[in-house]
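The values are calculated or read from the model by the stated rules, or taken from the named source; none is laboratory data. Note that the structure is a prediction, hence the values are computed from the model and not measured. So basically every Cβ, Gly included, is an ideal-geometry build from the backbone, and we count neighbours across all protein chains shown. When the accessible area is computed, the model is the full protein with side chains, heavy atoms only, and any ligands, DNA or RNA have been set aside. Shrake-Rupley method; radii C 1.70, N 1.55, O 1.52, S 1.80 Å.
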Amino acid sequence: MNNQDAPDVSKAWIITYTGLKFYHLNPQPEMVCIEDIAHSLSQTCRWTGHTRFHYSVAQHSVYASQICAPEFAFDVLMHDSSETYLGDMNRPLKHFTAAGPAYLRIEEKVEQVIFKKFGVRFPLSAEVKKADTQMLYAEKAQLMNVTEATQYEARKWGTDETEADIRIEEWTPKKAELMFLLRFEELNKEK
């Protein structure tokens, strides 16, 4: 397909863990389920997999939901749920290259469907972004092999560089999936 061709909506789909068919360009609520989200995010690595051990988006989301104000915890838990269907594009690629805008357009459509289905506020609040960024700095400090040569030139990805006050443990994907589902049930009951 060249850039002048329109995307073929009928071919842009995946089979999910539970066997659903998910159309990236035409997502519908019935294509989305929490079991797929928990399973996929538990196997999707943060930091493009360059961490000291397997560290999943599900584990990141559980931790992030624990460091924010209670009224934002559910939104924070679900903030990366679109990555279930799209994968996790790292921040530099998403925000500093031409690949980012195309991804972000599709991500927004997918987020709108997921967030509406589960009652997550859209667009995401500054509180959600703050918890996500605080986790990013905690992850960088605890999980990355940052050397002088790879220091981030003091680049800021948020309003400040405050790390989340959390100790990151090594979870298996199965544990991350279970913990995500338990946190979902806990927070969904509180809504």
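Between TYR85, TYR55, TYR23, TYR17, the distinction of being closer than 16 Å to LYS175 by Cα and hydroxyl-bearing (Ser, Thr, Tyr) belongs to TYR55 only. Whenever a residue of the stretch 136-148 is within 16 Å of VAL62 (Cα to Cα), it has no partner that is open to solvent by 60 Å² or more (accessible area, probe 1.4 Å) and among the small types (Gly, Ala, Ser) lying with C-beta atoms less than 8 angstrom away and at least six residues away or across chains.
For the stretch 1-55, name all the residues that are in contact with a strand residue (DSSP E or B) (Cβ under 7 Å, 6 or more places away or on another chain) and surrounded by fewer than 12 Cβ atoms within 10 Å (Cβ to Cβ). Residues satisfying the conditions are VAL9, ILE15, LYS21.
Against the numbered list (1) touching a helix residue (DSSP H, G or I) at 6+ places or on another chain (Cβ under 7 Å); (2) modelled with pLDDT of 95 or more, MET144 comes up short only at (2).
Just need a number here: residues in the stretch 173-191 that are of a type outside the set (Lys, Arg) and open to solvent by 80 Å² or more (accessible area, probe 1.4 Å). The total comes to 5. Any residue in the stretch 122-132 that is touching a Pro at 6+ places or on another chain (Cβ under 7 Å) and open to solvent by 10 Å² or more (accessible area, probe 1.4 Å)? No, that holds for no residue.
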